[in-house]
Amino acid sequence: MRHLHSITDLSNEAIMTTIERAIDIKNGNVANFPEIYAANLFFENSTRTKCSFEVAERKLGMQVIPFETSTSSVTKGESLYDTCKTLESIGCNVLVIRHPENDYYKQLDGLNIPIVNGGDGSGQHPTQCLLDLMTIYEEFGKFDGLKVVICGDILNSRVARSNYDALTRLGAEVKFVAPDAWIDKSIPADYVNIDDVIEEVDVCMLLRVQHERHDKASSFTKEEYNNRFGLNQARYDKLKDNAIILHPAPVNRDVEIASELVEAPKARIFKQMENGVYTRMSVLSQVIEGNQ
Ligand code: CP
């Protein structure tokens with residue numbers, strides 16, 4: 001693996017290798033890269049992705065170069081390309097980047113330094129997808145034949161886009177639930193009513209309502225949204241005994257999911273975050289090895 005821009009860059013075999021390696025790392029088999037310098041450039045806010053990449057880098061023995069856009073020369077107008085070229089020139093070995101622009105990484109094609117995408121606009125979030133896949137795989141030991149429903153703000157969701165691609169390729173049946181305004185016609189998925197599938201799904205993935213990407217305020221109250229598209233106690237009770245609930249977080253409590261269900265027995269939301277560290281260690285170690 002030389003870069004990780006999009007989940008579509010990875011073959012099914014490469015996805016499975018990444019998951020298996022993350023599980024191996026979770027079991028204590030950790031490589032050490034003390035000579036590697038990593039920088040995390042987040043042009044959009046983040047808690048999970050930024051912090052778990054930093055934990056992953058430190059657990060791999062890497063040197064983490066502090067970088068904050070607010071105190072960098074980005075504030076003087078330096079371009080993304082020049083910022084990354086500068087970090088490459090001073091000896092960084094890998095960059096993790098989150099940026100609001102879809103496909104931002106295409107403007108960095110001329111660089112030698114490997115880029116790991118921490119999320120690009122509404123495009124892709126490959127490491128979120130891989131940690132979701134790891135969490136599903138730990139639970140079921142397979143993807144083939146699993147029924148997955150992804151609910152919510154599909155149109156603006158890089159998580160939905162990445163997961164639809166990977167899960168369908170790996171043999172899962174993926175359906176979407178969304179308000180009309182958030183349907184993404186570019187993804188060839190079936191849209192269903194959540195109540196028509198809740199009893200049969202193995203995985204119920206809820207997406208955050210991304211208010212910051214909407215032109216106008218949502219026409220739904222919290223209660224209306226939860227009643228029509230979210231998870232509440234009545235729907236939770238209809239889930240199969242071994243079904244699991246995922247959410248990339250941050251969670252809008254009582255919108256996508258009733259607050260009391262965030263840590264319910266079928267919820268794996270904090271397990272996803274834990275697995276994010278191992279997944280990112282797996283990706284980073286493969287990228288470093290792929291560039292040696
Ligand atoms: N899931 C996710 O990407 O969370 P952050 O925005 O906090 O990184």
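Just so it is clear, none of the values below were taken in a lab; they were calculated from the coordinates. Keep in mind the model is a prediction, meaning the values are calculated, not measured. Note that each Cβ is placed from the backbone with ideal geometry, even for glycine, and that neighbours are counted across all protein chains shown.
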**OP:** Rank I187, I198, I19 by mean-square fluctuation in a GNM of the chain with C-alpha springs under 10 angstrom and give only the top-ranked residue.
**Re:** I187
Original post:
Going down the list K50/K175; K76/K106; K147/K222; K85/K106; K50/K76; K175/K271, which pairs span over 25 Å between their C-alpha atoms?
Top reply: K50/K175; K147/K222
Subject >> Most mobile of L108, L95, L131 in a GNM of the chain (Cα contacts under 10 Å) >> reply: L108
Original post:
Just in region 46-152: which GluC sites (Glu not before Pro) are loop by DSSP and have at most 16 other Cβ atoms within 10 Å?
Top reply: E68, E78, E101
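Rg over Rh of region 126-272, using C-alpha atoms and the Kirkwood radius, what does it come to?
On the way: Rg = 13.9 Å, Rh = 15.1 Å.
So for region 126-272, dividing Rg by the Kirkwood Rh gives 0.92.
Calculated FRET efficiency, D24 and S89, Cβ-Cβ r, R0 25 Å, to nearest 0.05? Before the final figure, lay out the partial values.
On the way: r = 34 Å, r/R0 = 1.38.
Once rounded, the FRET efficiency stands at 0.15.
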**OP:** For a label point 7 Å from the Cα of N102 along Cα→C-beta, name the residues of region 154-187 whose backbone N is under 13 Å from it.
**Re:** 155-159, 161-162, 184-187
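Would you tally the net charge around I7, using a Cβ to Cβ cut-off of less than 15 Å, leaving I7 out, and scoring K and R as +1, D and E as -1?
Working: positive: R158, R161, R169, R280; negative: D9, E13, D103, D120, D132, D165.
That sum, taken over residues with Cβ under 15 Å, equals -2.
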Original post:
Top mean-square fluctuation among A234, A258, A39, Gaussian network model of the chain, C-alpha springs under 10 Å?
Top reply: A234
Original post:
Using θ = phi - 60° and the Karplus curve 6.51 cos²θ - 1.76 cosθ + 1.60, what whole-Hz ³J(HN,Hα) does each residue of region 188-203 get, with Gly and Pro shown as x?
Top reply: x, 9, 7, 9, 9, 7, 4, 6, 7, 10, 4, 7, 10, 7, 8, 10
